[in-house]
Amino acid sequence: QVQLVESGGGLVQAGDSLRLSCAASGRTFSSRAMGWFRRAPGKEREFVATINWSGGSVYYGDSVKGRFTISRDNAKNTVYLQMNSLKPEDTAVYYCAQGPAYGLATHISLYDYWGQGTQVTVSF
């Protein structure tokens, strides 16, 4: 069983930065891709970023490319999302999820475990 716990969300102003963390339990973390998704009010869950098992490959959604950075520390079973130059449209609940064993994945269906989410609110 895998448990994922996100932290680091909060209320910030446009232009500020936040770093989200996702701590994972279980033995599979270091062998699986990890991803971040978000759901804004009234919208479907959206892909944000993914990182492969070693941290050597990453991929971002178009709306966050150049502003967000995903990273991981396999020794700490933790994946991070550094969010810079935040915009009001980044306001959402952010979720981390465990992905496939090989490569990267952007589709929700390829992720099997999810955290409970952390709220990020960006004001004008």
Label-point separation in nm, S57 to S30, each point 7 Å along Cα→Cβ: 2.1
In vacuo Debye scattering of region 1-74, one point per C-alpha: log10 I(q)/I(0) at q = 0.11, 0.12, 0.21 Å⁻¹? -0.31, -0.37, -1.10
Using θ = phi - 60° and the Karplus relation 6.51 cos²θ - 1.76 cosθ + 1.60, list the HN-Hα couplings for region 36-42 in order, rounded to whole Hz, with x at every Gly or Pro. 10, 10, 8, 10, 8, x, x
Here the FRET efficiency for I108 versus S85, based on Cβ atoms and R0 = 30 Å and rounded to 0.05, is 0.70
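So which trypsin sites (Lys or Arg not before Pro) in region 1-32 are both in a DSSP loop and have at most 12 other Cβ atoms within 10 Å of their Cβ?
Details: sites: R19, R27, R32; in loops: R27, R32.
In loop regions of region 1-32 (DSSP not H, G, I, E or B), the sparsely surrounded trypsin sites (Lys or Arg not before Pro) are R27.
For a distance above 21 Å, tell me the whole-number percent of Cα pairs in the chain that qualify.
Working: 2259 of 7626 pairs.
Tail of the P(r) past 21 Å holds 30 percent of the pairs.
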Work out from phi, with θ = phi - 60° and the Karplus expression 6.51 cos²θ - 1.76 cosθ + 1.60, the ³J(HN,Hα) of each residue of region 80-85, listed in order in whole Hz, and give x for Gly and Pro. 10, 9, 8, 10, 10, 6
Just to be sure I understand: with springs between alpha-carbon atoms less than 10 Å apart, which residue in A24, A49, A40 has the highest mean-square fluctuation in the Gaussian network model of the chain? A40
Which order do W53, W36 take when ranked by solvent-accessible area (1.4 Å probe, heavy atoms of all protein chains), largest first? W53, W36
With a point put 7 Å past each Cα toward its Cβ, work out how far T121 is from V5 in nm, to one decimal. 2.4
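The values are calculated or read from the model by the stated rules, or taken from the named source; none is laboratory data. Here the structure is a predicted model, which means the values were calculated and not measured. So basically every Cβ, Gly included, is an ideal-geometry build from the backbone, and we count neighbours across all protein chains shown. Remember, those area values only see protein heavy atoms, side chains included, never the ligands or the DNA or RNA. Shrake-Rupley method; radii C 1.70, N 1.55, O 1.52, S 1.80 Å.
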